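Worksheet: one structure, shown below.
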Amino acid sequence: SLFAIPLVGKVDVIWAANPDVVAMVPALAYGLIKRRPATTNVDDLAIEDLYDLNLIKRGSVSASIIGLLAKLLYNKMKAITPISTGYVSPLIEKYGVDRKRVHVVYGGVDLNIFKPKSSEQNNPKKDEFIVLYSGAFSIAYDFNQVLNAAKILEEKDSKVKFILQGKGELVNQIKSSIKRLGLKNVVVIDELLSREEVAELLNKADVLIQPLGDCGKPHLGISTKLYEYQAVGKPIICCSAGQPAKYVKETRSGIIVKPGDYEALAKAVIWLKENPKLALEMGENGRRYVEKEASIETIGLKMKQILQALIVKHCKSTL
C-alpha cells in the first residue's frame, strides 16, 4: 500500500483496518508523510490469535519482540476503534493504550438489506422448523456441536431441519461428518452468497445459530453475523462464553449455550420451537436494538464524530 503514496492527494486522517498490527505500519508512514493523524480499527487482536493457535509460544523471544512491536504501534495511533468492548481491557492493560484514545464502534448492519419479511414469506414449508447457520466454515466454529445436536433432534423431532451455508476450510470435514452420522436433517449450502441472498436465506429460518468453539478463554470479539441475525428479527442460539453471549443476553435476543454442549443446543432448539411467542419476542428485541444502536447509518455517524474530533484536535496542535 505504500506504493500508492505518490498517487494519494490531500487527506485529513488515516484509518487502518485488518490485520491491525500489519496495517498500522503503512498507516503510520502515510501519517508521517501527509502530516495527519493515524488511527486504526481492531476487528481482532491478531497477536493473541497467534498464541491461541500455538503459532507463537507465550514467553518466547519471538513473542516478546512481537508484543513490544504491537505495543509501540498501538500507542502511536491517535485513536483506536475496536468493534467490541471485549478488546478494551487488553488494549489498555496489556498494550498500555490510553483509555481516552479507545472508542468502541460496532460493525453495524445494513437495515435496508437485512430486514424481517412477513410470516407468509418467511418459511414456505410450514411443516419444517429450520435452524440456520450462515458464515465461514472455519476453525473458530464448532460444527460437531451442531451436528451432534442434529443427531439428537433427528430422533426426537423429524420436523427440525438444519441448514449450514458458507465457504471455508472445514466444508469437506462437515460433509464427511454428516455422512458418517447418517444425518438426513442437515443440508449444506457450499457457496458464497451476496448480502441480499444471505438476507433472503436468514428470513427462511426459524432460529439462527452462532456455534463458536471452545478456545479455552472467553470470546472477545462480536461478529457482524449477530447484527445481521438480529436485523431479520429471528431468535438466536449463541454458543459462546464471552462477549457474543453477553451481547445476546443484554439485548434479550436469544438463548446462550455453553460451547461444545450439543445436548443443551438440542434442548434450546426444542424450547424455541415449543415457545413461538417468546421466540418471536426475542427476534423483535434484536431488531429493535440494531435499529437504534447498530445500523450502518448510526455506526457511520459515530465514526465520523470520532474522526472529526481528532482532526480538530490535530489542527489545533499544529497552530
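Quick notes on this structure:
- Single match in LYS179, LYS156 (criterion: of a type outside the set (Val, Ile, Thr), in the same structural domain as ILE209 (by TED's automatic domain parsing) and in contact (Cβ under 8 Å) with a residue 24 or more places away in the chain): LYS156
- Members of region 122-177 found to be surrounded by 15 or more Cβ atoms within 10 Å (Cβ to Cβ) and among the polar types (S, T, N, Q), listed by number: ASN122, ASN123, SER134, ASN144, GLN145, ASN148, GLN165, SER177
- Top-ranked residue in region 184-210 [being acidic (Asp, Glu) and more than 15 Å from PHE137 (Cα to Cα); ranked as surrounded by the fewest Cβ atoms within 10 Å (Cβ to Cβ)]: GLU196
- Summed over region 73-104, residues that are assigned to a loop (DSSP other than H, G, I, E, B) and surrounded by 17 or more Cβ atoms within 10 Å (Cβ to Cβ) total 7.
- Region 27-64, subset in contact (Cβ under 8 Å) with a residue 12 or more places away in the chain, within 21 Å of GLU93 (Cβ to Cβ) and assigned to a loop (DSSP other than H, G, I, E, B), residue farthest from the chain's Cα centre (by Cα): LEU45
- Checking GLY67, GLY107 one by one, the residue that is in contact (Cβ under 8 Å) with a residue 40 or more places away in the chain and buried (at least 16 other Cβ atoms within 10 Å of the Cβ) is GLY107 and no other.
- Flag set for LEU147, criterion: in a helix (DSSP H, G or I) and in contact (Cβ under 8 Å) with a residue 12 or more places away in the chain.
- Among residues of region 282-319, those that are loosely packed, with under 12 Cβ neighbours inside 10 Å and either closer than 13 Å to TYR227 by Cα or of a type in the set (Lys, Arg) (or both), counted: 3
- Condition broken by LYS234, with the remaining ones in (1) surrounded by fewer than 24 Cβ atoms within 10 Å (Cβ to Cβ); (2) charged (D, E, K, R); (3) closer than 29 Å to GLU197 by Cβ satisfied: (1)
The values are calculated or read from the model by the stated rules, or taken from the named source; none is laboratory data. Everything quoted here is computed from the prediction, not taken from an experiment. Because the Cβ atoms are built from the backbone with ideal geometry, glycine has one as well, and the counts that use them run over all protein chains shown.
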